[in-house]
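Have a look at the structure below, then the notes.
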Amino acid sequence: MRIFLIILFLSIFLKANVFLDDYYIYQTNKFYEKKEYEKALKYLEKIENKNSKIFYNMGNILYIQGKYEEAIDYYEKVKDLELKHQINHNMANSYVKLQNYEKAIEFYKKALEYKNDEKTKYNLELIKLKKEEIDKENQRILIKESC
């Protein structure tokens, strides 16, 4: 009898968590649509059973807020292969915002391994040019300083 009650309690508790997670997702969507990103993020943080899509959405909200390093941390938690192109693309965008062009190039290339996407190709070429321009400027500065 005691085991039965424990099992009953656990099943009710687990179902309650699922319902709570659904409620948190509902609240997240409501606040996201209103562009109240801080509130949306707070509800995503409350979700017990986080999956790749939750981590992806958390990363996207942090990116929108300009918290690029934190966004990258959440993007790295995504394991869903269907999201890998977009995750790598978004990580590259985050690195661009952080002005880490080498990492941005690396992640745009990784994104292209999952999907041959024109937008990703364009961003990759643009950042390669930007990095080349910066490298040339740094060379000019070094030459100037050594004279």
- request: For the chain, with all protein chains present and a 1.4 Å probe, just round the carbon and sulfur fraction of the accessible area to a whole percent.
  value: 55
- request: For Lys119, go through the lysines and keep the ones whose alpha-carbon is under 19 Å away, minus same-chain ones fewer than eight residues off.
  value: Lys84, Lys97, Lys103, Lys109, Lys110, Lys128, Lys130, Lys131
- request: Can you work out the accessible area per residue across the range 27-147, with the rest of the protein chains kept in place, probe 1.4 Å, in square angstrom?
  value: 65
- prompt: Most fluctuating residue of Asn51, Asn60, Asn88 in a GNM of the chain with Cα springs under 10 Å: which is it?
  reply: Asn51
message: Restricting to DSSP loop positions (anything but H, G, I, E, B) with no more than 16 other Cβ atoms inside 10 Å of their own Cβ, which GluC sites (Glu not before Pro) remain in the range 21-51?
response: Glu36, Glu48
field: Restricting the range 17-47 to trypsin sites (Lys or Arg not before Pro) in coil, as DSSP defines it, with at most 15 other Cβ within 10 Å
entry: Lys34, Lys35
- request: Counting other Cβ atoms within 10 Å, keep those with at most 13, restrict to DSSP loop, and tell me which trypsin sites (Lys or Arg not before Pro) in the range 68-114 are left.
  value: Lys79
- request: Per residue of the range 44-61, in order, report the coupling 6.51 cos²θ - 1.76 cosθ + 1.60 (Karplus, θ = phi - 60°) as ³J(HN,Hα) in whole Hz, putting x for Gly and Pro.
  value: 5, 5, 6, 5, 6, 9, 6, 10, 4, 5, 5, 4, 4, 5, 4, x, 5, 5
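The values are calculated or read from the model by the stated rules, or taken from the named source; none is laboratory data. On a predicted model such as this, the values are computed, not experimentally measured, just so you know. Don't worry about glycine lacking a Cβ; one is built from the backbone with ideal geometry, like all the others, and counts go over all protein chains shown. We work out accessible area using only protein heavy atoms, side chains counted, and drop any ligands, DNA or RNA first. Shrake-Rupley method; radii C 1.70, N 1.55, O 1.52, S 1.80 Å.
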